[in-house]
Amino acid sequence: MLSTIGKIWVVVTLLCITAIGLLTRPSWSLSAFYRESSSCACRKCLTDGDPWFGELISGAPKPFLSRKYVTPEGAFNWWKHVQNEGRPYSFFNTTVHNLFQIFPPTPPFIESSPSRCITCAVVGNSGNLKGSHYGALIDYHDIVIRMNRGRTKGYEEDVGTKTTHHVMYPESAINLGNTTHLVLFPFKINDLLWLLRSFTPRENGPVKTIANKDLVMILNPGFMKYVHENWLGKKGRYPSTGFMTLALSMHMCDEVNVFGFGADRDGNWNHYFEVLRNKNYRTGPHSGTHEYELIQQLHEHKKIQLFRGCRSQ
Ligand code: C5P
């Protein structure tokens, strides 16, 4: 028979053992506590801390078009001046409606949540990738986003081999494999019509597929306006493909690492896969200097990590 003191001792001991057990369970560890109070499941999440950054991100419209989303007329009116689009808002809406008879009604990506931890490599086309040996590092990310005529064949050591997403528009389009998401950046209604045509079977002969139709995503023109105004303070005629891709990645990823951004010594946007012919190109209609300054600021604020590559050219 146990005395009363003995019984109390046994109960207290059992309570202590239970408490130690609970506190040392993985879900009760300190890191898990922080994870539970955090916006994602990574060690560090993009949207944690820094109110200015939180505000910048939360002010964004839907990044992608979908069957139910309607681009506001104000955003359309801004967008139609980017490349002198003459056709009306109603024609734009009909075209978008037709697109979603073919493509996934909602964009195929995982929405942000406290249980998501997605690492992304955003790969621009800068010549600074040449000789960088970043290939393995780039391939290590869950998502690897490339753009325009950015290629891997022959450049694997420096740029890697993996492409989960490829951003393009008709003038910069390349054929993609069956597992790569085609991310269309439409600059005019013709770009949307081009996408429709590219996936519509022709009467005489099979359709030449440029990508898997179930992996097509279309940037919302309103997102371009938002990047132009909220990120770039209206500098440049409109944001570059690379800068918009970086802003977009903030909505698709929890950790963003950036490669292949930065002009050559003369201030030209050169490419790792070709010799620059037009030495007066600079950064085209984009505010390349301002965009690069912002990228550096994001790096300093530890929102992204910028890998600067080799600035030998
Ligand atoms: O030249 P292209 O538009 O295909 O390059 C993709 C993106 O990479 C650009 O829109 C720009 O943001 C970025 N870039 C850069 N520095 C370079 C070349 C491209 O920052 N030298």
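Filtering the stretch 92-125 to residues that are within 16 Å of the ligand (Cβ to nearest atom), open to solvent by less than 10 Å² (accessible area, probe 1.4 Å) and polar (S, T, N, Q) leaves nothing. The one condition from (1) outside any strand (DSSP E or B); (2) open to solvent by less than 30 Å² (accessible area, probe 1.4 Å); (3) closer than 29 Å to Asn84 by Cβ that Ile138 does not meet is (3). If you take the residues of the stretch 90-146 that are among the charged types (D, E, K, R) and modelled with pLDDT of 95 or more, which of them is nearest to the chain's Cα centre (by Cα)? Only one residue fits best here, namely Arg146.
The selection criterion, being part of a loop (DSSP other than H, G, I, E, B) and of a type in the set (A, V, I, L, M), holds for Leu176. If you check Asn278, Asn270, which single one turns out to be farther than 25 Å from Trp79 by Cβ, over 19 Å from the mean Cα position of the chain (by Cα) and either surrounded by fewer than 17 Cβ atoms within 10 Å (Cβ to Cβ) or more than 8 Å from the ligand (Cβ to nearest atom) (or both)? Only one candidate passes the filter, namely Asn278.
One residue stands out among those in the stretch 152-167 that are in a loop (DSSP other than H, G, I, E, B) and either over 21 Å from Pro108 (Cβ atoms) or among the aliphatic types (A, V, I, L, M) (or both): the one that is farthest from the ligand (Cβ to nearest atom), which is Thr161. Criterion first (within 12 Å of the ligand (Cβ to nearest atom), within 22 Å of Thr152 (Cβ to Cβ), of a type in the set (D, E, K, R) and in contact (Cβ under 8 Å) with a residue 40 or more places away in the chain) does Arg308 satisfy it? Against the criterion (within 12 Å of the ligand (Cβ to nearest atom), within 22 Å of Thr152 (Cβ to Cβ), of a type in the set (D, E, K, R) and in contact (Cβ under 8 Å) with a residue 40 or more places away in the chain), Arg308 qualifies. No other residue among Gly233, Gly288, Gly242 is farther than 30 Å from Pro114 by Cα and either within 11 Å of the ligand (Cβ to nearest atom) or surrounded by 21 or more Cβ atoms within 10 Å (Cβ to Cβ) (or both) apart from Gly288.
Do we have Gly74 as in a helix (DSSP H, G or I), at pLDDT 80 or above and over 23 Å from Leu196 (Cβ atoms) here? Answer is yes for this residue. Step by step: first the residues of the stretch 42-71, then only those that are in contact (Cβ under 8 Å) with a residue 60 or more places away in the chain and among the aromatic types (Phe, Trp, Tyr), then the one that is most open to solvent (accessible area, probe 1.4 Å). Which residue is that? Per the criteria, the residue is Tyr69. Could you tell me whether the stretch 138-151 includes any residue that is away from the ligand (no atom under 15 Å from the Cβ) and among the polar types (S, T, N, Q)? There is no residue in the stretch 138-151 that is away from the ligand (no atom under 15 Å from the Cβ) and among the polar types (S, T, N, Q).
The values are calculated or read from the model by the stated rules, or taken from the named source; none is laboratory data. Note that this is a predicted model, so its numbers are computed, not measured. Cβ: placed from backbone, ideal geometry, glycine included. Neighbour counts: every protein chain shown. Please note that ligands, DNA and RNA were not included when accessible areas were found on the heavy atoms of the full protein model with its side chains. Shrake-Rupley method; radii C 1.70, N 1.55, O 1.52, S 1.80 Å.
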